[in-house]
1. Report the gain in length on full extension from residue B:15 to residue B:218: 0.36 nm times residue separation, minus Cα-Cα distance, nm rounded to one decimal.
2. What is the spin-label model distance, in nm, from residue A:248 to residue A:28 if the labels are put 7 Å beyond Cα along the C-beta direction?
3. Which residues' amide hydrogens lie under 5 Å from the amide hydrogen of residue B:113, considering only partners 5 or more residues apart or on another chain, with H built in the peptide plane?
4. Would you work out if the range B:143-215 is rounded, prolate or oblate? Take a ≥ b ≥ c from the square roots of the eigenvalues of the alpha-carbon gyration tensor; rounded if a/c is under 1.5, else prolate when a/b is larger than b/c, oblate otherwise.
5. Between residue B:81 and residue A:79, with labels modelled 7 Å along Cα→Cβ, what's the label distance in nm to one decimal, could you check?
6. Find every distance from the label point of residue B:148 to the corresponding label point in the other copies (7 Å from Cα along Cα→Cβ) and write them in nm, one decimal, shortest first.
7. In what order do B:190, A:112 fall by count of nearby beta-carbon atoms within 10 Å, going from fewest to most?
8. Would you mind ranking A:194, B:171 by Cβ crowding within 10 Å, fewest neighbours first?
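Computed from the coordinates by the stated procedures, all read-outs in this text should not be read as laboratory data. Bear in mind the structure is a predicted one, so any value in this text is a computation, not a measurement. Heads up, the Cβs are rebuilt from the backbone with ideal geometry, glycines too, and the neighbour counts pull from every protein chain shown.
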2 protein chains.
Amino acid sequence: MASPHDLQARRETADLNGWRQAIDQRLAHHLKPQELGKTLPCNQSLSRLWQAMAHGVLGGGKRARGLLVMASAQAVGYEPLSESCLDMACALECIHAFSLVHDDMPCMDDDELRRGKPTVHVAYDEATALLVGDALQTLAFELIAQAKDIGDSTKIEILRSLSRATGARGMAGGQAIDIHRVAQMLHQPELEEMHSLKTGALILASAEVGALLGLGPSALRSSVYSSIQSFARDLGLGFQVLDDLLDVSASTQALGKTAGKDAQAEKPTFVKLLGLEETKNFADRLHQSAFSRIDGLDDRANALRDLAHALTHRQH
Amino acid sequence: MASPHDLQARRETADLNGWRQAIDQRLAHHLKPQELGKTLPCNQSLSRLWQAMAHGVLGGGKRARGLLVMASAQAVGYEPLSESCLDMACALECIHAFSLVHDDMPCMDDDELRRGKPTVHVAYDEATALLVGDALQTLAFELIAQAKDIGDSTKIEILRSLSRATGARGMAGGQAIDIHRVAQMLHQPELEEMHSLKTGALILASAEVGALLGLGPSALRSSVYSSIQSFARDLGLGFQVLDDLLDVSASTQALGKTAGKDAQAEKPTFVKLLGLEETKNFADRLHQSAFSRIDGLDDRANALRDLAHALTHRQH
């Protein structure tokens with residue numbers, strides 16, 4: 001197992017910045033308003049919807065989920081920069097962006113700042129933000145249907161993984177717990193359960209989707225696939241624990257969203273439950289555990305290791 | 001072509017009520033809260049989410065889209081009461097219900113009554129209504145992934161049809177036009193374009209999904225498939241024209257939603273554009289045209305004819 005020192009000293013071998021740019025370019029491609037053949041004035045409303053969708057997705061974001069699709073794909077020998085892999089990375093980012101746009105709305109977290117920009121309902125209006133989230137969710141599934149060079153049976157497994165992670169058994173369920181968490185002192189198992197649904201499920205799906213690209217439907221019987229799944233579960237929880245730490249230590253400018261919000265909102269967090277030091281230790285343990293899960297994988301998994309390292313040491 | 005008299009005199013041969021009950025039963029099956037293995041208190045939030053989803057979907061509704069899936073399937077020789085066909089009917093109804101739940105929210109139409117019951121954000125709260133809509137959309141796509149006895153390539157075509165109809169190129173796009181239509185006097189081509197996206201796209205997809213079940217991916221080269229598509233386009237627009245007529249003539253009790261709302265909201269409607277008489281004629285022409293599109297289909301298409309008849313003569 002890699003020691004914390006190894007993790008600190010690790011030099012990145014994968015070009016994560018290049019990958020991130022490739023995701024952003026591909027997202028911009030998919031979010032170009034369709035060519036509107038007719039010149040009806042109502043088409044302005046359609047263009048405005050596409051602009052608002054682009055506002056919600058483009059211009060910032062760590063692209064952790066998209067990068068995880070790519071790194072997972074590479075770990076099983078699938079070309080991460082292929083069009084099909086980038087499209088699946090875009091699908092994951094669309095689901096994530098949809099959840100942020102809806103999460104930021106007044107009836108949920110009521111946030112005005114996201115990725116350093118006004119949130120969609122502030123830049124546009126609430127009705128548009130609602131439709132933007134709805135349409136971004138759909139776009140993710142449309143990308144699966146339209147993707148080239150992926151076999152139909154693999155697409156169905158990808159659809160299964162992503163839909164399960166997104167719906168009431170995944171992200172939406174986690175959010176349902178979250179809206180009742182304010183001023184409720186959840187205990188650690190419940191906080192972990194909430195995060196495993198709210199954030200963890202989609203991070204797990206990202207890793208699954210990438211691995212499915214390379215392994216196909218037989219992935220479900222592969223030990224490499226289960227290693228990558230276990231890695232993603234640890235990574236997902238660690239990601240959220242670090243989020244709680246950053247919420248108390250980082251500035252609003254660094255985060256690109258309102259800092260200290262969870263603490264102020266009297267939401268239970270790991271920091272409140274465990275204290276600052278113990279939370280840091282918990283994050284370290286999770287990240288080390290994540291690394292150990294893919295110990296048996298060859299050098300093609302280095303991008304997964306680099307990504308875990310980058311997410312562990314992020315400042316926002 | 002059938003004359004209006006024939007349409008009036010038509011006796012139903014398909015058991016649409018029985019079909020509707022079968023859809024409702026299958027929806028209830030899919031909306032049972034998952035068996036929650038763990039006994040964490042936060043599971044109450046999950047149960048509440050599933051209850052709210054059931055509230056948004058069950059207990060009322062014409063099930064026009066689900067019935068159209070079944071009638072279309074039967075027209076091409078696929079068993080409408082098979083589990084797979086019912087699951088696809090449920091998928092269409094989940095998309096429709098999600099759009100109603102979000103449409104009723106305060107930032108959109110701000111409606112308090114739907115299918116004779118309080119809307120989801122009234123019975124629960126706005127944040128829950130937002131999540132219910134999100135999770136119902138996902139459930140539709142999950143049902144495609146999980147359905148048994150449908151080939152993977154057929155599933156991908158179904159996914160393509162449904163995702164295109166639901167997103168910014170379909171329903172969400174139509175709604176984006178709709179939110180700017182208040183106090184704008186759209187002309188008839190624009191009103192038709194809006195409805196073809198907002199309502200028509202999903203009605204078209206319902207017919208496509210049913211036909212795809214029987215024809216498989218080769219449907220796209222079949223003349224029967226294009227006949228059914230043309231039928232559904234006429235039916236969809238006729239459905240909306242009749243909606244405008246009912247909005248001025250039916251009572252709130254009969255509609256199960258607030259009557260006269262579109263007229264009062266100064267939204268452009270066909271009745272305002274064309275007048276009452278000409279709108280009735282337009283609706284009749286569309287329904288006759290719909291019938292003529294499937295003239296060449298054999299008796300297995302009688303359920304499609306019955307459904308068109310029932311929707312043409314509906315009182316709500």
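1. Values: separation 203, 0.36 × 203 = 73.08 nm, distance 2.90 nm.
Roughly 70.2 nm would be gained on extension.
2. About 4.0 nm, to one decimal.
3. B:119, B:258
4. Details: a/c = 4.43, a/b = 2.78, b/c = 1.60.
It is prolate, given that a/c is not under 1.5 and a/b is the larger ratio.
5. 5.2
6. 3.8
7. Values: B:190 20, A:112 14.
In increasing order of surrounding Cβ atoms, one gets A:112, B:190.
8. Values: A:194 25, B:171 28.
Least crowded to most crowded, the residues run A:194, B:171.
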